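Here's the structure, in structure tokens; my notes come after.
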Amino acid sequence: MSIQSGFSHCYPASEPLANGASLPATEDIAERARKLVFVVSVNAQVLKEISGYFRWLCERENKPCGKVAKYDPALYEHQIPGGMISNLQYQLQTMKLEHRLPEILEEVPRVRRDLGYPIVVSPFAQYVVTQATLNVVQGERYKTIPEEIRKYAMGYYGRVAAPLSDEFLDRAKLTNTVTERPGEHLAPAVARLRSELGAAARDEDVLLAAFYDRKLLEPLKKPVPEYSFRTSPLRELVAWLGQRREIEHVHIRFAGTEMTFSA
């Protein structure tokens, strides 16, 4: 529908890295466009080579390849971005709580409703998911309310889109609600940062200093290391085969050359 409506650009991913919680596959989008008799400027052979490379990386690093996700109507309820779902799944796995994911996804829209329907982008999406996780894991809704969520509810991020629920307000017991412009509660930082960084600081330097800890920025001051290592698909394949003790015999046909390896 979007192609037929006039969209000429899209944001897909190489097939092994696509689908699931990721972006749709470039190959699928290109094929659908061709079937609709649209001109596609993407080289199918190059796409095939790129996909082959990433499939090989998935195999070598024992990583999962992208698979088309089963349609889940709950997406329209919780509206959690795909990248956040992936991170949430990983974090729950490290805590041995991955079996609680369905409960958390059911709790997310309830929390969002309680908080006045904040937009599901950073940082508010993280706030909603964090609160939903706490509600489920602790077994009691709003037993723990993070300070950032309290500040959001008190107006430090601006006026909420809709009224907060009575249940949330009863548990949060908010004080110091902001009625003036939220920016009045932030100490001026740009002038201070420019003074600390010196007259030679560029706008990019000021932005980096505003968003990141100084320890994280120190490596950026070092000269870029020279990169001289080179590899090739054949070299990668031979190195990988050398690590697989269960493989006793291999015959490779590559770029007009044939090779045989035996253990």
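The values are calculated or read from the model by the stated rules, or taken from the named source; none is laboratory data. It should be emphasised that the depicted structure is a prediction, and the values quoted were computed from it without experimental measurement. Note that each Cβ is placed from the backbone with ideal geometry, even for glycine, and that neighbours are counted across all protein chains shown.
Going residue by residue through region 238-250, is there one that turns out to be loosely packed, with under 10 Cβ neighbours inside 10 Å and in a strand (DSSP E or B)?
yes
How many of the residues making up region 142-151 are outside any loop (DSSP other than H, G, I, E, B) and under 23 Å from the mean Cα position of the chain (by Cα)? So that I can check it myself, show each step before the final result.
Just the residues of region 142-151 that are outside any loop (DSSP other than H, G, I, E, B), to begin with: 147-151.
Okay, now just the ones that are also under 23 Å from the mean Cα position of the chain (by Cα), so 148-149.
Selection size over region 142-151: 2.
Among the residues of region 15-51, how many are surrounded by 12 or more Cβ atoms within 10 Å (Cβ to Cβ), assigned to a loop (DSSP other than H, G, I, E, B) and of a type in the set (A, V, I, L, M)?
Within region 15-51, residues that are surrounded by 12 or more Cβ atoms within 10 Å (Cβ to Cβ), assigned to a loop (DSSP other than H, G, I, E, B) and of a type in the set (A, V, I, L, M) number 5.
Could you tell me whether A263 is farther than 22 Å from P123 by Cα, modelled with pLDDT under 80 and in contact with an Asp or Glu (Cβ under 6 Å, 6 or more places away or on another chain)?
Details: farther than 22 Å from P123 by Cα: yes; modelled with pLDDT under 80: yes; in contact with an Asp or Glu (Cβ under 6 Å, 6 or more places away or on another chain): yes.
When the stated conditions are applied, A263 passes them.
For the subset of region 142-185 comprising residues that are touching a residue at least 40 places away in the same chain (Cβ under 8 Å) and touching an Asp or Glu at 6+ places or on another chain (Cβ under 8 Å), which member is nearest to T130 (Cα to Cα)?
Among them, the one singled out is F168.
Taking the conditions exactly as written (touching a residue at least 40 places away in the same chain (Cβ under 8 Å) and surrounded by fewer than 16 Cβ atoms within 10 Å (Cβ to Cβ)), does C58 satisfy them or not?
yes
For region 61-85, how many residues are surrounded by fewer than 14 Cβ atoms within 10 Å (Cβ to Cβ) and of a type in the set (S, T, N, Q)?
Counting residues in region 61-85 that are surrounded by fewer than 14 Cβ atoms within 10 Å (Cβ to Cβ) and of a type in the set (S, T, N, Q) gives 1.
For region 222-235, which residues satisfy the criterion of being outside any loop (DSSP other than H, G, I, E, B) and at pLDDT 80 or above?
Result: no residue meets the conditions.
For region 73-141, give me every one of the helices (runs of 4 or more DSSP H) that falls completely inside it and has 2 or more residues that are under 28 Å from L169 (Cβ atoms), assigned by TED's automatic domain parsing to the domain that holds R171 and over 20 Å from the mean Cα position of the chain (by Cα). Please lay out each step first, then the result.
Numbers: elements: 75-78, 82-94, 101-114, 124-138.
Hits in region 73-141: 101-114, 124-138.
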